[in-house]
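Asks: I have a structure here, written as C-alpha cells, and I will follow up with some questions on it.
Where a number appears in this text, it was derived from the coordinates with a stated rule and is not lab data. Just so we're clear, the structure is a prediction, and the values are computed from it rather than from any experiment. Virtual Cβ from ideal backbone geometry, glycine too; neighbours counted across all protein chains shown.
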Amino acid sequence: MELSSLLHDLHLSSSERPLPSPPLPPITELLSRLQEKLIGASLDSETSFLIGHMERLFQTADPDWLFSPASANKEEGWVEFQSAYRSLIKALIGCAALPLCEDEVSSLPAAAYQGVPSRAVAVCSALTALLGALGTSERTGLLLTVAPPVCVFAVTHFQDQVWTTPSSRAAAQSLQEALLRAGGWTDSAHLLMGDRSHREGEEGDSRGILGGVLDVLQPQLTKDSWQRCEAVKLVFAWTLLQVTRPSLSPHLPRLLPPSLLLSDHYRPENCMLGVRCLHHIILNTPAADLRQFNRAEVLYQALFKHLYTTEAAVIQLVLSCLLDLLLVLEKPPSSLAPSSARRKPCRHDDVLRLVLTHMEAEHKVQLRRVYASALPLYIDRMGVAVCRHLQRVERVVMGYLEIRDQPEEANTLKVLEVLQKTTKAAWPRMECRVNALLCGLLRLLVDVSSDSQLSDSVRQKLMDQTTLCVKLLDGCSHGKLQLLLQQLDSSCCSPEVLGCLATVTMNTER
C-alpha cells in the first residue's frame with residue numbers, strides 16, 4: 001500500500017487512485033520517468049517533493065524489483081538498466097550542482113551558493129537510501145556503476161567550503177560512509193584503488209572506482225573548463241592524494257595533465273594544490289614510468305620556473321618536490337665516484353645555484369626562512385660536489401649570520417648546519433676561507449652571549465652549534481686556528497664565550 005501511494009503521488013501509476021495491489025511498471029520505465037520529472041521541475045518545492053518521494057521509494061520498494069532488469073534479453077536489459085540508473089543519479093545530483101563561474105578569472109560570491117547546501121542535504125538523503133537498498137541486494141555490478149558519481153558528489157559537499165554548511169557536510173559524510181558500507185570498502189583509498197593484493201606491475205585493481213571517478217571528472221578538467229567550477233580541482237586533488245603505488249601508475253596519463261594545469265596557475269592557492277599533486281605523483285610512481293615519454297623533464301621544467309616566484313609557500317613546496325624529482329632525473333652528486341670526469345655540472349647544481357643566488361639578495365623574512373630550511377638538504381645531496389658553489393655558500397652563510405632571525409633563530413641554526421655540512425664535505429677546500437668565516441662565527445658568539453631576548457635553550461643551542469663550526473674549521477686548517485684564538489683579547493669576551501672557545505683545543509674530526 002505504501003508503494004502504490006508513492007507511485008500515485010508521483011503520478012507514475014496508471015490508476016487514478018491507489019489500489020491494494022497495483023501492477024508495478026518496469027523499473028527502467030519508472031527510472032526514466034523520474035529522471036524526466038527531475039529535469040523538468042521548475043520550482044524548488046517541486047524538486048524537493050520529487051527528491052523526498054524518491055527517498056521513500058528507495059526505502060520501501062522491494063529490492064528485487066528495484067534492481068532487476070525487466071528485459072528478456074539479459075545482456076541488452078542489463079545495459080539499459082545500468083544506463084537508466086546512471087541517468088537518474090546524474091539528474092538527482094544535478095539538483096544540487098554548483099553554479100558555474102562566468103569566466104576563467106572571476107569567482108562567484110558566497111550568495112551564489114545560498115541554496116546549494118539545503119538541496120545537497122536532500123540529495124544526500126535520497127542517495128543514502130538508494131545505497132542502503134542496493135547494499136542489501138548485493139548487486140556489485142550496479143554498485144560499481146553508480147559509485148563514481150556518488151563519490152564525486154559526496155567529496156564535493158563534505159569539504160569545508162563556501163557552498164557547504166555543517167548540516168550539508170554531515171549529510172555528505174554520511175553518504176560517503178554509506179557508499180563504503182554498500183561495497184564493503186574499508187576507507188576512501190580502498191574505495192578508489194580496490195583490492196591491491198596483486199604485485200606492482202600486474203594488471204587490475206579489483207573493485208576500485210578510480211577510473212570511473214576520473215571519467216566523471218574528465219570533462220571538467222580541460223584547460224578551458226576546470227576554472228569554471230570551484231569544486232572540481234578540490235575533488236581531483238582529494239582523489240589523487242588517496243591513490244598510492246602501484247595503483248597510480250596505470251592512471252598516470254589522466255592524472256598528470258590536470259596536476260600540471262593546476263601548478264601552472266597564477267593564483268598561489270591553485271599553484272600550491274598542483275605542486276602537492278605533482279609531488280604525490282613523483283613519490284608514488286616508479287622512476288621508469290616518470291622518465292618514459294620525457295615526463296620527468298616536463299615536471300622539472302614546470303617546477304623549476306616556480307623558483308623565480310616571490311610566494312614563500314609556493315617556494316617551500318617546490319623545493320621539497322624538486323629534491324625528490326631530481327633523484328628520478330639523475331644520480332645524486334654525492335654518490336658519484338671521485339673521478340672528476342663524472343662530476344660534471346647537473347640539474348642539482350642548477351637548482352642549488354639559483355637558490356644560493358636568491359638567498360644572497362633576499363630580504364623578506366618568510367622567504368629567508370624557507371630557503372634556510374631547505375638548503376641543508378641540498379648541501380647533503382651535493383656532497384663533495386658542493387665545492388663548485390663554495391663562494392656562494394660562503395657569502396650566504398656570512399650574510400645570514402649577520403642578520404639574525406630572533407627570537408627562535410631558526411635561520412641562524414640552519415645556516416650553521418649548512419656550514420657544518422659544507423665543511424665536512426669539502427674540507428680540503430675550506431682552509432682558505434677559515435679567516436673570514438671565523439670572524440663571522442666569533443661575532444655571533446659574542447652577540448648571542450649578550451642577547452637578553454634569547455631564551456636559555458636557544459642561546460645554548462646557538463653557542464653549541466657555533467662552537468662546533470669553529471672546531472670543524474680548526475680541523476680544516478690543521479690546528480692553525482688555535483693560534484689565532486690564542487691572540488684574542490680576553491677582556492673583550494665574556495667567560496661564557498671563552499669557555500666555548502677553550503673546547504676548540506680538543507681534537508677535531510675531519
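Asks: Hey, fewest Cβ within 10 Å first, where do Trp65, Trp238, Trp163 land in order? Each step should come with its number before you reach the end.
Replies: On the way: Trp65 14, Trp238 18, Trp163 22.
Listed from fewest to most nearby Cβ atoms, that is Trp65, Trp238, Trp163.
Asks: Could you work out the relative contact order of the stretch 204-329, using alpha carbon pairs under 8 angstrom and six or more residues apart, expressed as a whole percent? All intermediate terms of the calculation are to be shown ahead of the outcome.
Replies: On the way: 109 pairs, mean separation 26.0, N = 126.
For the stretch 204-329, the relative contact order is 21 percent.
Asks: Just the number: Rg to Rh for the stretch 288-391, Cα atoms, Kirkwood Rh, two decimals.
Replies: Values: Rg = 14.0 Å, Rh = 14.4 Å.
Answer for the stretch 288-391: 0.97.
Asks: Specify the angular offset, from 0 to 90 degrees and rounded to the nearest 10, of the alpha carbon long axis of helix 434-449 from the longest principal axis of the alpha carbons in the chain.
Replies: Rounded to the nearest ten degrees, it is 70.
Asks: What ³J(HN,Hα) values, in whole Hz, does the Karplus curve 6.51 cos²θ - 1.76 cosθ + 1.60 give for the stretch 413-419 when θ = phi - 60°, with x put for Gly and Pro?
Replies: Going residue by residue, I get 5, 5, 5, 5, 5, 4, 4 Hz, with x marking Gly and Pro.
Asks: Still on this model: Spin-label point model (7 Å from Cα, Cβ direction): what's the Thr244 to Thr357 distance in nm?
Replies: Placing both labels 7 Å beyond Cα along the Cβ direction yields 3.9 nm.
Asks: Relative to the Cα centre, what is the charge dipole magnitude of the stretch 204-329, using +1 at the beta carbon of each Lys and Arg, -1 at the beta carbon of each Asp and Glu, and rounding to the nearest 20 debye? Can you show the working numbers first?
Replies: Details: 11 positive and 10 negative charges, 20 e Å.
In debye, rounded to 20, the stretch 204-329 gives about 100.
Asks: Can you give the relative contact order of the stretch 77-156 as a percent, counting alpha carbon pairs under 8 Å and 6+ residues apart?
Replies: Normalised by residue count, the contact order of the stretch 77-156 is 42 percent.
Asks: What is the fewest-to-most order of Tyr400, Tyr266 by other Cβ atoms lying within 10 Å of their Cβ? Show your work: numbers first, answer last.
Replies: Values: Tyr400 25, Tyr266 8.
Least crowded to most crowded, the residues run Tyr266, Tyr400.
Asks: Follow-up question, since we're still on this one. Of His280, Leu438, Leu354, which is farthest on the positive side of the dipole of the chain, counting Cα position, with +1 on Lys and Arg Cβ, -1 on Asp and Glu Cβ, and the Cα centre as origin?
Replies: Result: Leu438.
Asks: While we're on this one: For the pair Glu46 and Ala111, what calculated FRET efficiency results from E = 1/(1 + (r/R0)^6), where r is the Cβ-Cβ distance and R0 = 22 Å, to the nearest 0.05? Write down the numbers at each step before the final one.
Replies: Numbers: r = 23 Å, r/R0 = 1.05.
Given R0 = 22 Å and the Cβ-Cβ separation, E is 0.40.
Asks: Of the listed peptides 434-441, 419-426, what is their order by residue-averaged count of other C-beta atoms within 10 Å, with the highest listed first?
Replies: 419-426, 434-441
Asks: In nm, to one decimal, how far is the Leu144 label point from the Lys305 one, both placed 7 Å along Cα→Cβ?
Replies: It works out to 4.1 nm between the two label points.
Asks: At a temperature of 20 °C and a viscosity of 1.002 mPa s, determine how fast the stretch 24-117 diffuses translationally according to Stokes-Einstein, using the Kirkwood radius over alpha-carbon pairs as Rh; express D in µm²/s, rounded to the nearest whole number. Can you show the working numbers first?
Replies: Numbers: Rh = 15.3 Å.
Answer, rounded: 140 µm²/s.
Asks: Right, here's the next one. Using only the alpha-carbon atoms, how far is helix 312-329 inclined from the longest principal axis of the chain? Give it as 0 to 90 degrees, nearest 10.
Replies: 90
Asks: Taking Cα pairs under 8 Å and at least six residues apart, what relative contact order does the chain come out at, in percent?
Replies: Working: 588 pairs, mean separation 38.7, N = 510.
Over the chain, the number comes to 8 percent.
Asks: Right, next: Can you find, among Ser477, Ser45, Thr28, the residue sitting farthest towards the positive end of the charge dipole of the chain, where Lys and Arg contribute +1 and Asp and Glu -1 at Cβ?
Replies: Ser477
Asks: So, one more: Taking the number of other C-beta atoms within 10 Å as the exposure measure, put Ile27, Ile403 in order starting with the fewest.
Replies: Values: Ile27 19, Ile403 11.
Listed from fewest to most nearby Cβ atoms, that is Ile403, Ile27.
Asks: In debye, nearest 20, what is the charge dipole magnitude of the chain about its Cα centre with +1 on Lys and Arg Cβ and -1 on Asp and Glu Cβ, if you could check?
Replies: Values: 49 positive and 55 negative charges, 396 e Å.
Dipole size: approximately 1900 debye.
Asks: Run through every distinct alpha carbon pair of the chain and return the Kirkwood hydrodynamic radius in angstroms, one decimal place. Mind showing how you got there, number by number?
Replies: On the way: mean 1/r = 0.0363 Å⁻¹.
Over the chain, the inverse of the mean reciprocal pair distance is 27.6 Å.
Asks: Calculate, for Asp456 and Leu234, the FRET efficiency according to 1/(1 + (r/R0)^6) with r their C-beta to C-beta distance and R0 60 Å; round to the nearest 0.05. Walk me through the intermediate numbers first.
Replies: Values: r = 45 Å, r/R0 = 0.76.
So the FRET efficiency works out to roughly 0.85.
Asks: How big is the C-alpha Rg of the stretch 204-329 next to the rule-of-thumb value 2.2 N^0.38 Å, as a ratio?
Replies: On the way: Rg = 14.0 Å, N = 126, 2.2 N^0.38 = 13.8 Å.
Its radius of gyration relative to the 2.2 N^0.38 Å reference: 1.02.
Asks: How much length, in nm to one decimal, is gained on full extension between Ile39 and Asp160, taken as 0.36 nm per residue of separation minus their Cα-Cα distance? Write out the running numbers ahead of the final one.
Replies: Working: separation 121, 0.36 × 121 = 43.56 nm, distance 2.82 nm.
That pair, Ile39 and Asp160, stretches by 40.7 nm at full extension.
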